[in-house]
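Chemist: Take a look at this one; I'll ask things after.
No value in this document is a laboratory result; all are computed from the given coordinates. Keep in mind the model is a prediction, meaning the values are calculated, not measured. Cβ placement follows ideal geometry from the backbone for every residue including glycine, while neighbour counts extend to all protein chains displayed.
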Amino acid sequence: MSEPQIRPALRSDDGALAALDRETWSPLHAVTPRPLPPFGPFFDARHGVEEFLVAEADDRIVGYVRVGRPTPLASNAHVRQIQGLAVHEWARGRGVARALLRAAALHARNQGARRLTLRVLGHNTPARRLYEAEGFVVEGILPGEFCLEGEYVDDVVMGLALTG
């Protein structure tokens, strides 16, 4: 696989991103039920195309990251939040997620953000290691916040300073 190139999402990416989202669904990171047909569009009123960065390699989409505002409040406008990250299984371990995280931080900085946050399930050890390697630190833990497949799972809040 060639080096991933990161670019803003396009409306025409809808089908490929929707398929990627369905293929990568897992109880390791998803708090919503497995998607079932009929499938709606990937981009909608809550998930605007402008919030997504896409990783491409070998002329196909291999991953995405969603960077949005955690709230609509003016007092929180200096924060961006990673609200989704997915990489095709066959492309994992090749730097795609790392490239997407770095692009997300740059994208947030370019929007004037001072902080980038995310939430990750406590049992998602591979993701937590990656986030920590990219400079995110644990800022809080919500114990047993989700009940997934009969197990209570912590919600871990992580943050990255974009200043200094």
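Chemist: With springs only between Cα atoms under 10 Å apart, run a GNM on the chain and tell me which of 122, 112, 93 wobbles the most.
Modeler: Result for the chain, Cα springs under 10 Å: 93 fluctuates most.
Chemist: For the chain, what is the mean residue ellipticity at 222 nm derived from helices alone (per DSSP H run of n ≥ 4: -39500 (n - 2.57); sum divided by total residues; nearest 500 deg cm²/dmol)?
Modeler: Calculated from helices alone, the mean residue ellipticity at 222 nm is -6500 deg cm²/dmol.
Chemist: Using the Cα atoms of the stretch 42-87, I'd like the radius of gyration and the largest Cα-Cα distance, Dmax, both in angstrom.
Modeler: 12.5, 42
Chemist: Could you tell me whether the stretch 107-164 comes out rounded, prolate or oblate from its Cα gyration tensor? Rule is a ≥ b ≥ c as square roots of the eigenvalues, rounded for a/c under 1.5, then prolate if a/b exceeds b/c, otherwise oblate.
Modeler: Because a/c hits 1.5 or more and a/b exceeds b/c, the stretch 107-164 counts as prolate.
Chemist: Oh, and also: If you take the charge dipole of the stretch 1-80 about its Cα centre, with +1 on Lys and Arg Cβ and -1 on Asp and Glu Cβ, which of 38, 71, 6 is farthest toward its positive end?
Modeler: Positive-most Cα among the choices belongs to 71.
Chemist: Now for a separate question. How large is ³J(HN,Hα) for each residue in the stretch 14-26, as worked out from phi by the Karplus curve 6.51 cos²θ - 1.76 cosθ + 1.60 (θ = phi - 60°), to whole Hz, x for Gly and Pro?
Modeler: Couplings: 3, x, 5, 6, 5, 5, 4, 4, 5, 5, 9, 4, 7 Hz.
Chemist: Could you tell me what % of all Cα pairs in the stretch 1-65 have separations over 17 Å?
Modeler: Values: 924 of 2080 pairs.
Taking all Cα-Cα pairs of the stretch 1-65, the fraction more than 17 Å apart is 44 percent.
Chemist: Also: What fraction, in whole percent, of alpha-carbon pairs in the chain exceed 21 Å separation? If you can, show how the numbers build up before the last one.
Modeler: Numbers: 6399 of 13366 pairs.
Looking at the chain, the distances longer than 21 Å represent 48 percent of pairs.
Chemist: Rg and Dmax of the stretch 58-145 over Cα atoms: what are they, in angstrom?
Modeler: 13.8, 42
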